[in-house]
Amino acid sequence: QVHLVESGGGLVQAGGSLRLSCAASERTFNTYSMAWFRQAPGKEREFVAVISRSGRTTIYADSVKGRFTISTDNAKNTMYLQMNGLKPEDTAVYYCAGNTGIVLHRVSHEYDYWGQGTQVTVSS
């Protein structure tokens, strides 16, 4: 079973940047499609971005397109989410997730493995 551990969250002012990391317990990213989701208080978990096994295909939620970048480093078994131009509405717990299929899903129930989450808070 793959274990995923997120890090890099914190408190940042609006307009600032953060880079989240998701470390996997084993060589993962060439066999799993990987995604980031987030969940704000009182809201459902929502899709942020997904990257294919090859790393060549990425899909973003409209709300983060042009500001966030998803990437993987297979040598380090780590996935990243570079977040620029942060807004208060980006405040949430961010989760990384893995899926053993090849379809790049945008719904949380399609993902088999989850990290514990990392808090991102953006102040106005």
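The values are calculated or read from the model by the stated rules, or taken from the named source; none is laboratory data. The structure displayed is predicted, hence computed values, not measured ones. Backbone-built Cβ (ideal geometry, glycine too); neighbour counts: all protein chains shown. In case anyone asks, the SASA skips ligands and DNA or RNA and just uses the protein heavy atoms, side chains included. Shrake-Rupley method; radii C 1.70, N 1.55, O 1.52, S 1.80 Å.
Things to note:
- For the stretch 34-90, applying the loop criterion from DSSP together with a ceiling of 11 other beta carbons within 10 Å to the GluC sites (Glu not before Pro) yields E44.
- The trypsin sites (Lys or Arg not before Pro) of the stretch 35-124 that DSSP puts in a loop, and whose beta carbon has at most 12 other beta carbons within 10 Å, are K43, R56, K65.
- Surrounding net charge for F47, when Lys and Arg each add one and Asp and Glu each subtract one, Cβ distance under 9 Å: +2
- The chain, dipole about Cα centre (Lys/Arg Cβ +1, Asp/Glu Cβ -1), debye to the nearest 20: 260
- Straight Cα distances below 17 angstrom link K76 to none of the lysines, with same-chain residues fewer than 8 positions distant left out.
- The residues V2, V103, sorted by heavy-atom accessible surface at 1.4 Å with ligands and nucleic acids left out, run V103, V2 from largest to smallest.
- Distance between modelled label sites at E89 and N74, nm, 7 Å Cα→Cβ extension: 3.7
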